[in-house]
Amino acid sequence: MSNLSIKRIVFGVSFFVLAGLVLTAFLFWRGFFIPLSANGEEVLFEIKEGWGVKTIAIELEDEKLIKNALYFDYYVWGKKWGGELQAGVYRLSPAMNIAQIAEKFRAGEVFEDIVTVTIPPGQRISKVNKIFQEAGFAQKPDLLKFKVKDFSKEFSFLKGAPQEGSLEGFLYPETLNFRKEASSEEIVEKILGVFEKNIDAELRRQVEEKGMNLYKILTLASIVEQEVPASKAEDRKMVAGIFWNRLEIGQPLESCVTIEYLLGVHKNRYSFEDTRTVSPYNTYVNAGLPPTPIASPRKDAVEATVDFQESDFLFFLSRPDTGETVFSKTFKEHEMNVEKHL
């Protein structure tokens, strides 16, 4: 091979390498300094204590504030700011580029005028509404005024629920930050977004593959949420299996938490008269599920209801002294356990 040919090859390779480097540099420049959108509404974004750069980057992408988490990761790495991003709540917009967002985090320009609200698990919508009304918003929000149909176009998981019904069961338990001036609609949209993130596409796909209906799953999961503590994951699956057994044979669920829901009063043990209260939510006298969820369940309760434990058990109780869940196959055996433990 002649020297001229070698020079041409070297020149060609060098040209393509240089072109590749220029293109890569341009793509990273674009990723760093061109925002996701020319405009966009400001949202609250929280960096929690202990979050690393990769977690922050993924969350920014998930919240549709940046296009690609990799660019944020590389930008912070290049600036050597890895340990300088400060925890807190920030006001961000997709109209901000990665460089601006990272600088805001490094400077700790947190947004102070926020309201932090915790939605406890297993709470009915009326109690959640009260929590929000007492949280200190500029105007008291009203979450009870909305129906499923008001948000079903935005959130596809609502399409299988009764459109004229309330959002009972969909106000996902979580601690969230809001603008003090947030409207009721903004509040609900954010909570439903958290529901969508937790009861995600994969979990909803599992529901569909098993021939189940998400709204029915949510209804039963709301009972499981209150019947068995989250710390007893296997017991939750077993109890969910018991309820499915009862539904299959047409036997009433006989769940005390549904009596609590309809009476609005918590008791360690409900009387016979309580269990005969006329209501579609009374699962002692009515077979099948109640007409709506009775609370907002967490993801683990929904998963236990979908991936339940099959067994021959039809009865269970929780020991008040130890919290142990005791299972029975027959009513006679259950009566003996009630006498022994309750």
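Within the stretch 87-103, restricting attention to residues that are assigned to a helix (DSSP H, G or I) and of a type in the set (Gly, Ala, Ser), the residue that is surrounded by the fewest Cβ atoms within 10 Å (Cβ to Cβ) is Ala99.
For every residue, the table says whether it meets (1) out of contact with any His (no Cβ under 7 Å at 6 or more places or on another chain); (2) without any contact (Cβ under 8 Å) to a residue 12 or more places away in the chain; (3) within 18 Å of Thr292 (Cα to Cα); (4) part of a helix (DSSP H, G or I).
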| site | (1), (2), (3), (4) |
| --- | --- |
| Phe170 | yes, no, yes, no |
| Ile187 | yes, no, no, yes |
| Leu192 | yes, no, yes, yes |
| Lys197 | yes, no, no, yes |
| Gly211 | yes, yes, no, no |
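Candidates in the stretch 262-279 are the residues that are of a type outside the set (Val, Ile, Thr), in a loop (DSSP other than H, G, I, E, B) and surrounded by 14 or more Cβ atoms within 10 Å (Cβ to Cβ); of these, the one that is modelled with the highest pLDDT is Ser279.
Against the numbered list (1) assigned to a helix (DSSP H, G or I); (2) touching a residue at least 12 places away in the same chain (Cβ under 8 Å); (3) surrounded by fewer than 18 Cβ atoms within 10 Å (Cβ to Cβ), Asn129 comes up short only at (3). Inspection of the stretch 322-336 finds no residue satisfying the criterion of being touching a Gly at 6+ places or on another chain (Cβ under 8 Å), at pLDDT 90 or above and not hydroxyl-bearing (Ser, Thr, Tyr). Within the stretch 151-168, being in contact (Cβ under 8 Å) with a residue 12 or more places away in the chain and either in a loop (DSSP other than H, G, I, E, B) or surrounded by fewer than 16 Cβ atoms within 10 Å (Cβ to Cβ) (or both) holds for Phe151, Glu154, Phe155, Gly160, Ala161, Pro162, Gln163, Glu164, Gly165, Ser166, Leu167, Glu168. A Cβ distance below 7 Å, combined with a sequence gap of six or more or placement on separate chains, defines the contacts here; from the stretch 32-59, residues that are farther than 22 Å from Thr116 by Cβ and of a type in the set (D, E, K, R) reach residues that are modelled with pLDDT of 90 or more and surrounded by 18 or more Cβ atoms within 10 Å (Cβ to Cβ) in the pairs Lys54/Asp73. Tell me, please, whether a residue that is part of a helix (DSSP H, G or I) and modelled with pLDDT under 95 can be found in the stretch 215-222. No.
The values are calculated or read from the model by the stated rules, or taken from the named source; none is laboratory data. Every value quoted in this text rests on a predicted model; they were computed, and no experiment measured them. Here the Cβ is made from the backbone with ideal geometry for all residues, glycine too, and neighbour counts use every protein chain on show.
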